Amino acid sequence: MSYTQLAILAVALSAILDLFIVRTRLLTRRAFWTSYAIILPFQIFTNWWLTSRNIVIYDRHQILGPRLASAPIEDIAFGFALILGVLSLWVFWGRRGVAVRSDKNN
Amino acid sequence: MRHWGYLAALIFVVIASFWLEIFLKVGVLRRMKRLIYSIAPIALLFIGWDSYAVWRHHWRFDSTQILKIYGAFNIPLEEYLFFIIVPIAAIMTLEAVRKRRPHWIIGDENVGGQK
């Protein structure tokens, strides 16, 4: 599979995790989208740093072509899936009573 | 200095987010068990993706801009750190939003009580 296909698959899987597996439904929550709006500019900056300096180099046959701040557009999907997956599990474990409050470790 | 190119990006992410732990007291690092449980499964999947992508030449890393310390699957140390640091930064952001907007529902409220 190409990077494009894998990026779409990752977003789909993270959405399925959030909506149907652990059912945290972050995708329906204002707190999630606000957090994402804060994270996104930092992600774009970090992606720009890594790609414009050729620290990470992409095979152009594996990407669609459009770039945002020098990074392949697929990177946005990659980052989104990573963030949604982790935040979804974070809320899931909180709901299960694992280290709910910041002043307690368990 | 050139070898620090990738690590510089990670240091930036740490600086940009970890102040929330100190000044906004989001208390994410103090919830280590929950942090590990949340990050480990996702990080493992992404490391799997990463190793597949490197193997299939979807992307590669400039060896002059990394520390050239490699872990399993020939993935650079920085890449492993990325999958730990970025998730921590994301969780700190969510917890910071919760601190500033306590009435916004996140979904893990009322633990031990009624749903």
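Number of residues in region B:15-34 that are exposed (fewer than 15 other Cβ atoms within 10 Å of the Cβ), aliphatic (A, V, I, L, M) and not in a loop (DSSP other than H, G, I, E, B) equals 3.
As a summary of the residue check, A:Gln5 satisfies the conditions (1) surrounded by 15 or more Cβ atoms within 10 Å (Cβ to Cβ); (2) more than 21 Å from B:Trp104 (Cβ to Cβ); (3) over 15 Å from the mean Cα position of the chain (by Cα) except for the one numbered (1). Looking only at residues of region B:68-112 that are under 16 Å from the mean Cα position of the chain (by Cα) and among the hydroxyl-bearing types (Ser, Thr, Tyr), we find that the one that is nearest to B:Trp19 (Cα to Cα) is B:Thr93.
Return the residue satisfying two criteria in turn: it lies in region A:48-66 and is more than 9 Å from chain B (Cβ to nearest Cβ) and either of a type in the set (S, T, N, Q) or at positive phi (or both), and of such residues it is surrounded by the fewest Cβ atoms within 10 Å (Cβ to Cβ). By that ranking, first place goes to A:Gly65.
Scan region B:70-93 residue by residue and report those that are farther than 15 Å from B:Val14 by Cα and surrounded by 15 or more Cβ atoms within 10 Å (Cβ to Cβ). Residues satisfying the conditions are B:Tyr70, B:Ile75, B:Pro76, B:Leu77.
Give region A:23-36 a look and list any residue that's touching a residue at least 12 places away in the same chain (Cβ under 8 Å) and either surrounded by fewer than 19 Cβ atoms within 10 Å (Cβ to Cβ) or touching an Asp or Glu at 6+ places or on another chain (Cβ under 6 Å) (or both), or say none.
A:Thr24, A:Leu26, A:Leu27, listed by residue number.
Contact map, region A:53-80: first residue closer than 20 Å to A:Ala37 by Cα, second residue in a strand (DSSP E or B), Cβ cut-off under 8 Å, separation 6 or more or different chains; pairs are A:Pro72/A:Tyr58; A:Ile73/A:Arg67; A:Asp75/A:Leu68; A:Ile76/A:Leu68. So, in region B:73-115, exactly how many residues are within 7 Å of chain A (Cβ to nearest Cβ) and either modelled with pLDDT of 95 or more or touching a helix residue (DSSP H, G or I) at 6+ places or on another chain (Cβ under 8 Å) (or both)? Qualifying residue count for the region: 15. For region B:60-69, the criterion of being of a type in the set (Gly, Ala, Ser), assigned to a helix (DSSP H, G or I) and either surrounded by fewer than 18 Cβ atoms within 10 Å (Cβ to Cβ) or touching a helix residue (DSSP H, G or I) at 6+ places or on another chain (Cβ under 6 Å) (or both) is satisfied by no residue at all.
Does region B:13-32 hold any residues that are within 15 Å of the chain's Cα centre (by Cα) and facing another protein chain (nearest Cβ under 7 Å), and which are they? Residues satisfying the conditions are B:Val13, B:Ala16, B:Arg31, B:Met32.
In region A:23-35 there is no residue that is more than 9 Å from chain B (Cβ to nearest Cβ) and part of a loop (DSSP other than H, G, I, E, B).
Yes/no matrix, rows are residues, columns are (1) closer than 23 Å to B:Thr64 by Cα; (2) in contact with a Gly (Cβ under 9 Å, 6 or more places away or on another chain); (3) among the basic types (Lys, Arg):
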site: A:Asp18; (1), (2), (3): no, yes, no
site: A:Trp33; (1), (2), (3): no, no, no
site: A:Trp49; (1), (2), (3): yes, yes, no
site: A:Ser52; (1), (2), (3): yes, no, no
site: A:Val56; (1), (2), (3): yes, no, no
site: A:Ile63; (1), (2), (3): no, no, no
site: A:Leu68; (1), (2), (3): no, no, no
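The values are calculated or read from the model by the stated rules, or taken from the named source; none is laboratory data. Everything numeric here is computed off the predicted structure, so don't read it as measured data. With ideal geometry, Cβ positions are generated from the backbone for all residues, glycine too; neighbour counts draw on all protein chains shown.
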